[in-house]
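As structure tokens, the structure follows; a few thoughts come after it.
Read-outs throughout are calculated quantities, based only on the coordinates presented, and are distinct from any laboratory measurement. Since this is a predicted model, take the numbers as computed values, not measurements. Please note: Cβ atoms are built from the backbone with ideal geometry, for glycine as well, and neighbour counts cover all protein chains shown.
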Amino acid sequence: MLLPKAVREGLLKIAKEKKLYLEGNLLKIIEPGTDDSAFAEYLKLCKERDISSRKKRLEVTKQVQQKNKELEVAMEENKVLMLDLKIALEEAEKLRDAAVEDLDLLQKRTQFELISTIVKVALAIIISIGFVVTIIYLFAILYNKDTQIIGSTWSNLLGILLTNAFSIVGTIMGVKYATENK
């Protein structure tokens with residue numbers, strides 16, 4: 001295709017003043033003409049610049065495609081890592097729950113053992129005091145001593161010991177049931 005002289009001059013003027021050149025497949029069909037060496041040189045320069053810009057665009061496209069592939073691989077790795085993290089978190093939560101349960105069980109067992117020891121010691125003291133007072137009362141009866149004071153003391157003491165025993169057991173049981181989680 002041969003362009004009119006005014007168009008050719010306009011293209012040369014635009015190239016000189018604004019540094020804008022033709023590019024693309026249009027360059028394949030434009031002919032410079034036989035009498036216009038400046039326009040032939042212009043077309044040659046346009047074709048060189050077009051080839052250069054195509055190569056640059058192709059490089060950029062290849063770089064973008066390479067980056068996209070790298071990003072896809074990284075995204076897949078990220079998905080795998082996220083899945084692994086989720087599994088690890090679930091396992092950690094299970095282990096934490098098991099540890100909390102074991103600690104709770106250990107605390108309850110320790111509390112039960114402590115309460116059991118307190119009750120045993122308190123009952124042993126109460127029984128031993130009752131036993132000692134009963135033996136003293138029996139000696140007083142056997143030796144025909146005045147047992148009226150000892151008898152009433154013995155009766156009061158056994159009543160107090162029995163009341164204290166129930167009070168201790170009741171208090172411990174109350175504390176035990178008050179501290180349980182429901």
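Things worth noting here:
- Residue order, fewest to most surrounding Cβ atoms within 10 angstrom, among 27, 20: 20, 27
- In this Cβ point-charge picture (+1 for Lys and Arg, -1 for Asp and Glu), region 19-122 has a dipole of about 260 debye about its Cα centre.
- Residue of 125, 29, 115 that the Gaussian network model of the chain assigns the largest fluctuation, springs spanning Cα pairs under 10 Å: 29
- Helix 5-18 and the longest principal axis of the C-alpha atoms of the chain enclose an angle of approximately 40°.
- Prolate/oblate/rounded label for region 5-178 (Cα gyration tensor, a/c 1.5): prolate
- Model label points for residue 14 and residue 76, set 7 angstrom from Cα along the Cα-to-Cβ axis, are 4.7 nm apart.
- Computed Kirkwood radius, in angstrom, where 1/r is averaged over Cα pairs of region 13-113: 20.5 Å
- A viscosity of 1.306 mPa s and a temperature of 10 °C, combined with the Kirkwood radius over C-alpha pairs in the Stokes-Einstein formula, give region 113-182 a diffusion coefficient of 115 µm²/s.
- Angle in degrees between helix 37-142 and the longest Cα principal axis of the chain, rounded to the nearest 10: 0 degrees
- Our helix-only sum for the chain, with -39,500 (n - 2.57) per DSSP H run of n ≥ 4 divided by its residues, gives a mean residue ellipticity at 222 nm of -31500 deg cm²/dmol.
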